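**Q** Let me give you the structure first, and then I'll get to my questions.
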Amino acid sequence: MRAPRPKVAIAAVAVAALAVAGCAESDRDSGSGGSKKDTLVFGVAGDPKVLDPSFASDGESLRVARQVFETLVRPEEGGTKVTPGLAESWTPDAAGTTWTFKLRSGVKFHDGSDFNAEAVCFNFNRWYNAKGLMQSPDVTAYWQDVMGGFAKNENPDLPPSLFKSCTAKDATTVDLAFNRVSSKIPAALMLPSFSMQSPKALQQYDASNVTGTAEDIKYPSYAMEHPTGTGPFKFKAWDVANKTLTIERNDDYYGDKAKLKTIIFKTISDENARKQALRSGDIQGYDLVGPADVEPLKKEGFNVLTRPAFNILYLAINQKGNPKLADLKVRQAIAYAVNRQALVDSKLPPGAKVAMNFMPDTVEGWNGDVTKYDYNPEKAKQLLAEAGATNLTLKFHYPTEVTRPYMPNPKDIFELLSADLKAVGINVQAIPLKWSPDYLNATTSGSKHDLHFLGWTGDYGDAYNFIGTFFDRPKDEWGFNNAALFAQFKDADTTADAAARTEKYKALNKAIMDFLPGVPISHSPPAIVFGKDVTGIKASPLTDERYATAEFK
Amino acid sequence: MFRFIVRRLLQLIPTLFGLSVLLFIWLHRLPGGPETAILGERGTPETRAAIRRNLGLDEPILVQYARFLRRMIRLDLGTSTGTKRAVTTEFLERFPGTVELTVMAMVLAVGLGIPLGYLAARRRGRFLDHASVGGSLIGICIPVFFLAYVLKAIFAENLGWFPSSGRQDPTIGATRVTNFFVLDGIMTREWDAAADALWHLVLPGIALASIPLAIIVRITRASVLEVLNEDFVRTAEAKGLTERTVRRRHVLRNAMLPVATSIGLQTGLLLSGAVLTETVFAFSGIGAFVAESISQRDYPVLMGFIMIIAVVYVLVNLLVDLSYSVIDPRVRVR
């Protein structure tokens, strides 16, 4: 009691500090903390979810996977064309169902084991023979998206598997057999979800052992701590407490080695905070740049890269909503009523374009010769009158608290579109909903929605990945059942000859724009920014940026 | 005192039980579920149904609650539906950040607030008093996130004195032991890492301290003024004690009771996470994570985190109650 309390407190803290000092081992390697010019810190919007790319479907997990892993085929740098990856060449057989891949030789996984045909088959068999929780749609989302089901489907709703078998013919030749022809092959194999992983590491860390109970899925340690690929970077550490993930140069890489030693992905969820971190030098680049920031950042000298637009924003019309919407004339009136060019010019980032199809023109099968519906409010009014829908009231859903690459500012977009609709005499009942889960639930299930907008970013350069996703079967989002259209999709997807298939997709795009299930609005190029002294990275429409080529000036 | 502590801890059990029932009902009445958040625009009615089935969300709520209780009894908080990592792991990785930030903010708030409040009371009606009272009014009125942005814009972006985001410079490559970064730096003798972590706490600490500081200034001032008018102070002065002794042993000490209560409440509040400050400074704590979990409908994380936060809150208040007996010997806990 006698000693003054602050002094006692300070003494106690000092004693405690001394007591704990040095009581744990530092595991820093002596060489770390090297020159800052050897390390790029890149700001990302969210933590990755999982490091095993077979289980990943979120952008941040895929970003890491693209540096650590490689796929048999990969998109050209900065484009969507299929180019060699771990396979040097690939050819289908006459029937188009068996593809022979010739593999690169001399490639090693990060754990030193060999990459060869056996390893390819090990990976495909692992996915195909997935059991139990590995068949959950949130675990193997992309496998199910591309291949449908598994060797033994545990959920009766799953379609049969597209993949049939894998045969290693010799060390560098592998045959992948499929149950039918599909336009997705080989482009879909560019997805990071089809990354080649070390069979040795997969076994060692029990990678397929997704455990837990149904409501309580637990990933094996491989998926959280030991991703092992062939890429130019190796996984080093994931520091959740500091929201950073570190990858390090693979010095044994067979190709051009990464220029920087270390890349650190740092999570900064707030877009404004990412911008401030870039300006203050905490980070040397970030993704998901707000459209309004593109020009100011450029002016300040930052290296703003614009990705070629590989997405679509569309206005969806639900034909099971207001009964009038089943009338083609009413849908046409809506298409003529909206001034898409004005929207693109005033609300979307520089480089955005009005969409003519429900897919961007960089994808084979895009068709410029479709019905175009240029802005024409008079015609819209006339069509509404002809359809006897002069006093139409539509429930128009729009999302709040969200930005997507195709939709930077949903509220602004809603206001423009609804003003256009009101101008032709359609009454709009605004229904703002929180993006997740309310908005997504309301617009993609049930039948209470009339109009809403939504979009899609392509996974790989294939028409089916866009229009097939929307229109290949009845969906609550659109509320129509057009058997002829669905049959057309099936026919196109199973056409083996590439040129013939492209023609069929062109015809499909024309049919879609005549049937007009909704109005394609725009393609917006998302931007990514790097520090003033960072060069070497090429923006990719598929967000497949390769950090191996990044360097400081 | 021992029996008092045990009794208070036992009271936690019905509290937590009641809380879990309320939370469970509330969470499951929210529209939508984790399946929409997980699948985003890629979801179809079939895949969403499959995930609901996988997560056990298609079962009656009583069955789900029973399963939750069984897990709770084993102290197993389950796995996050969003990150697929154990809720306990998520908590242990994020809570230390919140604790460090809280300690920083409270050290600033208490260290500045009590002297300022005391001085304001002593110099009542003079400049310092007006400045403290006015200043604290501003402190309460400025939204924390705005202050955070302003601090960051000035001291991080323009002047570059402080880092603008995160808990530590990732290029340092610090060793993790407890996830309390400052403590880890001391424990491993990575002094640069400890200093860097401390440095990262300054701006968010100041932003977060603004409200507790203002409250502590005002409560201290009011409480000191009240005590100054008490008879025993006059008696103490009359019997010739030095001003220093009167101040410290009689005035401050007696004025501390309401201040301690307020410190306890503020600390408990900060420990439950500062969503906006954490978001603005990209600081890894529990606040932003819980907020995100609400929009993701991540039931296990929400249940687990809120239950732990409730326990922490009760413990902090227990400490406050115990501190009364130290401050004022007349208060005896029984």
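What follows is calculated from the coordinates using simple rules that are stated; it is not laboratory data. Just so it is clear, the model here is predicted, and its values are computed rather than measured. Don't worry about glycine lacking a Cβ; one is built from the backbone with ideal geometry, like all the others, and counts go over all protein chains shown.
**Q** Cβ under 11 Å from A:Gly229's Cβ, A:Gly229 left aside: what net charge do those residues give with Lys, Arg +1 and Asp, Glu -1?
**A** Charge balance in the 11 Å sphere: 0.
**Q** Next up: Can you give me the Rg/Rh ratio for chain B, using Cα atoms for both radii and the Kirkwood formula for Rh?
**A** On the way: Rg = 23.8 Å, Rh = 22.8 Å.
Expressed as Rg/Rh, it is 1.04.
**Q** What percentages make up the Cα-Cα pair-distance distribution of the range B:222-290 when the bins are 5 Å wide from 0?
**A** P(r) for the range B:222-290, in whole percents per bin: 3, 16, 17, 12, 9, 8, 8, 9, 8, 6, 3, 1.
**Q** Given 25 °C and 0.890 mPa s, how large is the Stokes-Einstein diffusion coefficient of the range B:1-154 in µm²/s, with Rh as the Kirkwood radius over Cα pairs? Intermediate values should be presented prior to the final figure.
**A** Details: Rh = 20.9 Å.
Here the translational diffusion coefficient equals 117 µm²/s.
**Q** So which lysines can A:Lys324 reach, going by Cα to Cα under 26 Å and dropping same-chain residues fewer than 8 places off?
**A** In chain and number order, the partners are A:Lys372, A:Lys379, A:Lys381, A:Lys395, A:Lys411, A:Lys422, A:Lys448, A:Lys475, A:Lys510.
**Q** Among B:Thr279, B:Thr81, B:Thr175, which one shows the highest mean-square fluctuation when chain B is modelled as a Gaussian network with alpha-carbon springs under 10 Å?
**A** Highest fluctuation among the options: B:Thr175.
**Q** Rg and Dmax of the range A:146-298, using alpha carbons, in Å: what are they?
**A** 20.5, 56
**Q** What is the order of A:Trp143, A:Trp127, fewest Cβ neighbours within 10 Å to most?
**A** The fewest-first ordering by Cβ neighbours comes to A:Trp127, A:Trp143.
**Q** Also, I was wondering about something else. Quick check: the distance between the Cα centres of the range A:253-282 and the range A:188-233, to the nearest angstrom?
**A** That distance is 24 Å.
**Q** While we're looking at this one, here's another question. How much net charge surrounds B:Leu9 when only other residues with a Cβ under 14 Å from its Cβ are counted (Lys, Arg +1; Asp, Glu -1)?
**A** Summing Lys and Arg as +1 and Asp and Glu as -1 gives +2.
**Q** Would you look at the GNM of chain B, springs on alpha carbons closer than 10 Å, and say which of B:Ile286, B:Ile309, B:Ile38 moves the most?
**A** In this elastic network of chain B, the residue with the biggest mean-square fluctuation among B:Ile286, B:Ile309, B:Ile38 is B:Ile38.
**Q** Another question, if that's okay. Under the rule of -39500 (n - 2.57) per DSSP H run of 4 or more residues, summed and divided by the residues of chain B, what mean residue ellipticity at 222 nm is obtained, to the nearest 500 deg cm²/dmol?
**A** -23500 deg cm²/dmol
**Q** Quick one: check the C-alpha center-to-center distance for the range A:71-97 versus the range A:333-376, whole angstrom.
**A** 31
**Q** Same structure, new question: Considering the Cα trace of the protein assembly as shown, what is its radius of gyration and what is Dmax, both in angstroms?
**A** So, for the protein assembly as shown, Rg and Dmax equal 30.8, 111 Å respectively.
**Q** Per DSSP H run of n ≥ 4, the term is -39500 (n - 2.57); total these for chain A, divide by its residue number, and report the mean residue ellipticity at 222 nm rounded to 500 deg cm²/dmol.
**A** -8000 deg cm²/dmol
**Q** Specify the angular offset, from 0 to 90 degrees and rounded to the nearest 10, of the alpha carbon long axis of helix B:299-327 from the longest principal axis of the alpha carbons in chain B.
**A** Result, in degrees: 20.
**Q** Continuing with this model, one more query. Could you tell me the largest-minus-smallest coordinate of the C-alpha atoms of the range A:250-389 on each of the three principal axes, in descending order and whole angstroms?
**A** For the range A:250-389, the Cα spread along each principal axis is 68, 37, 28 Å.
**Q** Which links in A:Lys329/A:Lys434; A:Lys200/A:Lys553; A:Lys243/B:Lys84 stretch past 27 Å when you go from one Cα to the other?
**A** Too far apart for the 27 Å limit: A:Lys329/A:Lys434; A:Lys200/A:Lys553.
**Q** Mind pulling the angle between the C-alpha long axis of helix A:5-20 and the longest principal axis of chain A? Nearest 10 degrees, somewhere in 0 to 90.
**A** Helix A:5-20 sits roughly 80 degrees off the main axis of chain A.
**Q** Hey, what's the Kirkwood Rh for the range A:370-478 if you take every pair of different alpha carbons, in angstrom?
**A** After inverting the mean inverse Cα-Cα distance, the result is 15.7 Å.
**Q** Sticking with this structure for a sec: I need the Kirkwood Rh of the range A:77-169: take the reciprocal of the average 1/r across all distinct C-alpha pairs and report it in angstrom.
**A** After inverting the pairwise mean of 1/r, the radius is 15.2 Å.
**Q** Sum up the charges of everything whose Cβ sits under 15 Å from the Cβ of B:Ala105, counting Lys and Arg as +1 and Asp and Glu as -1, but leave B:Ala105 out.
**A** Neighbourhood net charge equals -1.
**Q** Would you kindly calculate the translational diffusion coefficient of the range B:139-264, applying Stokes-Einstein with the Kirkwood radius from alpha carbon pairs, for 25 °C and a viscosity of 0.890 mPa s, and quote it in µm² s⁻¹ without decimals?
**A** Stokes-Einstein gives a translational diffusion coefficient of 137 µm²/s.
**Q** Helix A:498-515 sits at what angle to the longest principal axis of chain A, using alpha carbons and giving 0 to 90 degrees rounded to 10?
**A** Roughly 60 degrees, rounded to the nearest 10.
**Q** Counting pairwise Cα distances across the range A:306-431, what percent come out greater than 23 angstrom?
**A** Details: 2687 of 7875 pairs.
Pairs farther apart than 23 Å: 34 percent.
**Q** Calculate I(q)/I(0) for the range A:265-324 by the Debye formula, one identical point scatterer on each C-alpha and no solvent, and give its log10 at q = 0.12 Å⁻¹ to two decimals.
**A** Each listed q maps to, in turn, -0.45.
**Q** Give the distance, in whole Å, between the Cα centre of the range A:430-498 and the Cα centre of the range A:524-545.
**A** Distance between centres, Cα-based: 29 Å.
**Q** If N is the number of residues in the range A:406-553, what value comes out of its Cα radius of gyration divided by 2.2 N^0.38 Å?
**A** With N residues counted in the range A:406-553, Rg over 2.2 N^0.38 Å equals 1.32.
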